[in-house]
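The values are calculated or read from the model by the stated rules, or taken from the named source; none is laboratory data. Quick caveat: nothing in here was measured; it's all calculated off a predicted structure. Here the Cβ is made from the backbone with ideal geometry for all residues, glycine too, and neighbour counts use every protein chain on show. Side chains included, ligands, DNA and RNA excluded: accessible areas come from the protein's heavy atoms. Shrake-Rupley method; radii C 1.70, N 1.55, O 1.52, S 1.80 Å.
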Amino acid sequence: MRVKPGRIARSLFALALAAQLALAGRALLAQDARADDEEDGAPGQAPEDAGARRCPAPRVRVDRDGRCCLPGQRWVAGRCEGRVTSCPPGESLGADARCLRRAREGDGGVRAWRGDAGAVGEAPEGMARVPGGVFLAGPLAIELGPFAIDRGEVSVGAYRRCVDAGVCVAPVDPLGQMVRPDRPVVNVTHAMAETYCGWAGGRLPTSAEWLLAARGFEPRRYPWGERVATCALARIAGCGDGAAASGQSAADTSEFGLTDVAGNVSEWVLDGPPPPRARGGLLRDPVGATEGGRRWVRGGSFLSTPDGAELRRSVAVDAREARIDRGFRCARGL
């Protein structure tokens with residue numbers, strides 16, 4: 001039987017990719033081991049990865065010395081200074097730059113509704129504003145307040161500025177993907193993504209926020225609708241080697257302007273299992289576990305099948321895991 005050259009090339013690429021994934025995993029484990037040696041954690045405590053020391057929420061790491069301030073602030077003359085730029089899920093930023101528990105907007109029912117997109121609290125440059133409202137996610141109704149989220153996945157160039165500032169840790173780069181500043185940064189752990197977003201004045205989006213921003217208020221299978229994902233619609237498996245620059249797949253754009261939500265690279269979100277329980281049929285600003293060892297990953301990647309690119313899908317993985325097809329985007333609680 002004659003084998004087509006294209007099939008041979010794809011098989012060789014798959015073998016090379018598997019080898020590089022194994023190499024990345026070994027390098028990350030070694031990186032974790034170094035972090036273990038540097039920490040004086042209690043027996044049985046999960047090791048911190050990539051040297052990223054965590055701050056007690058809602059504070060974030062803001063400088064190379066590991067000082068903790070609220071998002072948007074910097075350490076000046078022995079204290080945190082500057083205007084707060086982001087609030088935790090379920091809180092709104094008041095006029096005095098304080099985060100206040102958000103007043104409930106819904107009527108207690110499960111009817112889907114969309115808030116006012118022109119309300120106060122506009123998104124910063126490069127971010128999309130997602131209005132508050134209630135949307136349906138399978139059997140659940142979820143109410144969220146307005147928030148802002150990056151239109152594109154965090155790029156190599158943006159992440160490099162955090163590394164140069166001495167706050168972020170440079171990722172392992174076995175495939176040499178991170179020489180192009182316009183490509184999404186990959187091979188980052190959850191803590192590395194959290195550190196960058198905090199330094200940039202925000203936080204990671206919750207799983208519910210990511211889903212609404214990527215899918216919209218209608219229960220779409222993909223951002224473009226119900227048509228099965230192909231290379232003409234999103235960067236999934238078989239559509240090219242590695243991640244592409246943001247926005248190359250025009251169809252893979254949500255109604256709020258987020259690019260590459262079904263393909264390109266999968267993305268870390270803030271929380272993990274177990275998911276919150278609904279009371280009265282409605283979840284308000286739900287946040288899963290933010291402690292422990294597992295976090296949700298949303299969206300497909302350049303290694304995903306068409307089914308794996310469906311927006312409803314999520315997977316819980318070890319927060320210390322780093323992959324060549326996983327990155328992140330940041331959000332801000334308005």
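Looking at A208, A213, A250, A244, which one is without any contact (Cβ under 8 Å) to a residue 12 or more places away in the chain and within 23 Å of E125 (Cα to Cα)?
Exactly one residue qualifies, and that residue is A250.
Is there any pair linking a residue in region 75-86 that is under 14 Å from W199 (Cα atoms) and open to solvent by 50 Å² or more (accessible area, probe 1.4 Å) to one that is β-branched (V, I, T) and part of a loop (DSSP other than H, G, I, E, B), with Cβ under 8 Å and at least six apart or on different chains, and which?
Taking only residues 6 or more apart or on different chains, the pairs are W75/V62.
Within region 231-241, is even one residue open to solvent by 10 Å² or more (accessible area, probe 1.4 Å) and part of a helix (DSSP H, G or I)?
No, every residue in region 231-241 fails to be open to solvent by 10 Å² or more (accessible area, probe 1.4 Å) and part of a helix (DSSP H, G or I).
Given the structure, is V172 β-branched (V, I, T) and open to solvent by 20 Å² or more (accessible area, probe 1.4 Å)?
Taking the combined requirement at face value, the residue satisfies it.
Being in a loop (DSSP other than H, G, I, E, B) and among the aliphatic types (A, V, I, L, M) is the filter here, so list the residues in region 147-198 that pass it.
Passing the criteria: V154, A165, V167, V169, A170, V172, L175, M178, V179, V185, V186, V188.
Please state which of the following conditions P219 fails to meet, knowing it meets all the rest: (1) surrounded by fewer than 24 Cβ atoms within 10 Å (Cβ to Cβ); (2) more than 21 Å from A158 (Cβ to Cβ); (3) at pLDDT 95 or above.
Condition (3) is where P219 drops out.
Determine, yes or no, whether R114 is modelled with pLDDT under 95, over 26 Å from P276 (Cβ atoms), out of contact with any Ser or Thr (no Cβ under 6 Å at 6 or more places or on another chain) and surrounded by fewer than 24 Cβ atoms within 10 Å (Cβ to Cβ).
So R114 fails the test.
Please specify each residue of region 242-259 satisfying the condition of being open to solvent by 60 Å² or more (accessible area, probe 1.4 Å) and of a type in the set (A, V, I, L, M).
Hit for region 242-259 is A250, nothing else.
Taking the residues in region 290-304 that are touching a Ser or Thr at 6+ places or on another chain (Cβ under 7 Å), assigned to a loop (DSSP other than H, G, I, E, B) and not polar (S, T, N, Q) as candidates, determine which candidate is surrounded by the fewest Cβ atoms within 10 Å (Cβ to Cβ).
Ranking the candidates gives G300 first.
Among residues belonging to region 260-284 that are open to solvent by less than 20 Å² (accessible area, probe 1.4 Å) and modelled with pLDDT under 95, point out the one that is nearest to E209 (Cα to Cα).
Checking each candidate, the answer is L283.
Taking region 270-284 only, how many residues are out of contact with any Asp or Glu (no Cβ under 8 Å at 6 or more places or on another chain) and either of a type in the set (V, I, T) or not in a loop (DSSP other than H, G, I, E, B) (or both)?
Qualifying residue count, region 270-284: 2.
Could you check, for region 120-127, whether at least one of its residues is closer than 24 Å to C197 by Cα, touching an Asp or Glu at 6+ places or on another chain (Cβ under 9 Å) and at pLDDT 80 or above?
yes
Go through the residues of region 305-318 one by one and say whether even a single one is open to solvent by less than 20 Å² (accessible area, probe 1.4 Å), at pLDDT 95 or above and part of a loop (DSSP other than H, G, I, E, B).
Yes - at least one qualifying residue is present in region 305-318.
Quick check, is A95 at pLDDT below 95, in a loop (DSSP other than H, G, I, E, B) and not charged (D, E, K, R)?
The answer is yes for A95.
Would you check which residues across region 145-154 are in contact with a Pro (Cβ under 6 Å, 6 or more places away or on another chain) and at pLDDT 95 or above and list them?
I149, E153
Looking at region 132-157, I want the residues that are at positive phi and in contact (Cβ under 8 Å) with a residue 12 or more places away in the chain and have a partner that is among the aliphatic types (A, V, I, L, M) and in a loop (DSSP other than H, G, I, E, B) with Cβ atoms under 9 Å, at least 6 apart or on another chain. Which pairs are those?
G133/A112
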